[in-house]
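The values are calculated or read from the model by the stated rules, or taken from the named source; none is laboratory data. Keep in mind that this is a model prediction, so the values were computed, not measured. All Cβ positions, glycine included, derive from the backbone under ideal geometry; neighbour counts span all protein chains shown.
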Amino acid sequence: MFHIMTTKNTSAEKTEKLVSLQKTFFRSEKTLDLEFRKEMLLRLQKALSDWEERLSEALWIDLHKSYEEAFLTEISIVQGEIKNHLKHFKKWAKPQRRPTPFKMMPATSKIIREPLGCSLIISPWNYPVQLLLNPLVGCISAGCTAILKPSPYVPHVSAIIEAIIRETFDEQYIAVVQGNREANSLLLAQRFDIIFFTGSPALGKTVMKAAAQHLTPVVLELGGKSPCIIDKEANIKVAAHRVAWGKTLNAGQTCVAPDYLLIHESQEKAFILEFETAIHEMHGNNVQESRHYVRMVNEKAFDRVAVYLNDGTIACGGHTDRDERYIEPTLLTNIPSNAHIMQEEIFGPILPLIPFSETEEAIQFVNAREKPLALYYFGNKSKGEEVLRRTSSGGACLNDVIMHLANENMPFGGVGSSGMGHYHGKESFDAFSHCKSVISTPTFIDPSFRYMPYKAFKWIKKFL
């Protein structure tokens, strides 16, 4: 079913040359020109349109991702980000006036946003288009250069992206480096001005450790176990349908997919029935034949996730086919407290159900674990807002899942072990920028009291 293709590592010599070329190009100051940035955004916009069909075909080959899902979750998100930046980035780039305290008069104060410089963007395989190109949009609009490192686990997509970038941009400005973790290590040994990484918390630690050698700032978009709370007041039919959608989107290989379900004990049986109904409504009676159901990225991922089926009682689903890397959407009940499935991010279409009798139990369960990238609550809105107030997560939805990252006007990012920094929209521009504080002081007056030996100090002290 799947085509076999491997990604060849970019040589060390080529990688080092690209980094050197980009540093030289950045120092030319060409990227400081706002019109240049606009032209580059327009080029990327056109390239996405020209290569849309081939990108979609590659996503189908590597992940069995339908055109509709490829467009909705990958291509359209990048297109929307480009449009947003084209509309606003010049305003974001303008110097911003700030108030000046009386003690500093007649000086004026402002903030100038300057590009950080040469950037490294490393993306994962689960959304290989948008998680690589979305940060690139902010990089371009802020005036940086970029080395892009796609994932070797989706070789067809990575090859298409390299072709797009090579056709669209000069390599001294934006270039692609291909390869496995050895290529990552070589890149991380170079000195960049910012590293933008999307991936697992374990690899995030490796990136942060490498960045520390050069005191390089990082944006880490990681993951974790995102809880979904179904309370007794929830509309169970709607909740089950939305959770089923969020858990089967990309076959659960989504960093903000519901990872485990904390469900009020009175709702568990009804939820299981409604979840199964929702799955069949979206994917038909035989999910394996659905054109819209993605496969696990490789055999290793299949084997890792399939083992979780042994960690509880299968309430619905449970069928697998290793040859097709297929795992049916599955609900698990009767989960032991020490089960392996509750220790690591699942990143697949299996959802463990953990019942509770009082909302307080769910809050304490969440707070006893690492801070998640997302938290979802279904039930009474006021109670949900109280849950959000008492828990910490990168983002959240009330009576929905995943949709908080679809709004390009809101920042997306993690907290604690689920990440640091955020992006989308203006936050993407800011992520690749340095805010430089500037005080402008006129020379027509030069009061002596600011200098040693600080005459009239007792009087001046009253105004400070």
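Assorted remarks:
- Residues in the stretch 213-226 that are more than 14 Å from Glu344 (Cβ to Cβ) and either of a type in the set (S, T, N, Q) or in contact with a strand residue (DSSP E or B) (Cβ under 9 Å, 6 or more places away or on another chain) (or both): Gln213, Thr216, Pro217, Val218, Val219, Leu220, Glu221.
- Scanning the stretch 353-378 for residues that are in a loop (DSSP other than H, G, I, E, B), touching a residue at least 40 places away in the same chain (Cβ under 8 Å) and either not assigned by TED's automatic domain parsing to the domain that holds Val243 or not charged (D, E, K, R) (or both) returns Ser357, Pro372, Leu373.
- The single condition among (1) without any contact (Cβ under 8 Å) to a residue 12 or more places away in the chain; (2) crowded, with 23+ Cβ neighbours inside 10 Å; (3) basic (Lys, Arg) that Lys205 does not satisfy is (2).
- Thr6 being loosely packed, with under 12 Cβ neighbours inside 10 Å, touching a residue at least 12 places away in the same chain (Cβ under 8 Å) and closer than 25 Å to Pro152 by Cα: yes
- Cβ-Cβ under 7 Å pairs, at least 6 apart or on other chains, the stretch 84-109 side under 26 Å from Leu42 (Cβ atoms), far side in a strand (DSSP E or B) and among the acidic types (Asp, Glu): none
- Candidate set: the stretch 135-173, residues that are small (Gly, Ala, Ser) and part of a helix (DSSP H, G or I); chosen: the one nearest to Glu81 (Cα to Cα): Gly138
- Checked against the criterion of being touching a His at 6+ places or on another chain (Cβ under 9 Å), surrounded by 14 or more Cβ atoms within 10 Å (Cβ to Cβ) and modelled with pLDDT of 95 or more, the candidates Glu57, Glu68 yield just one match: Glu57.
- One residue alone among Lys83, Lys94 is of a type in the set (Lys, Arg), assigned by TED's automatic domain parsing to the domain that holds Ala142, exposed (fewer than 14 other Cβ atoms within 10 Å of the Cβ) and at pLDDT 95 or above, and that residue is Lys94.
- Matching option when the condition is touching a residue at least 60 places away in the same chain (Cβ under 8 Å), hydroxyl-bearing (Ser, Thr, Tyr) and either surrounded by 12 or more Cβ atoms within 10 Å (Cβ to Cβ) or more than 21 Å from Ile229 (Cα to Cα) (or both), among Ser433, Ser392: Ser433
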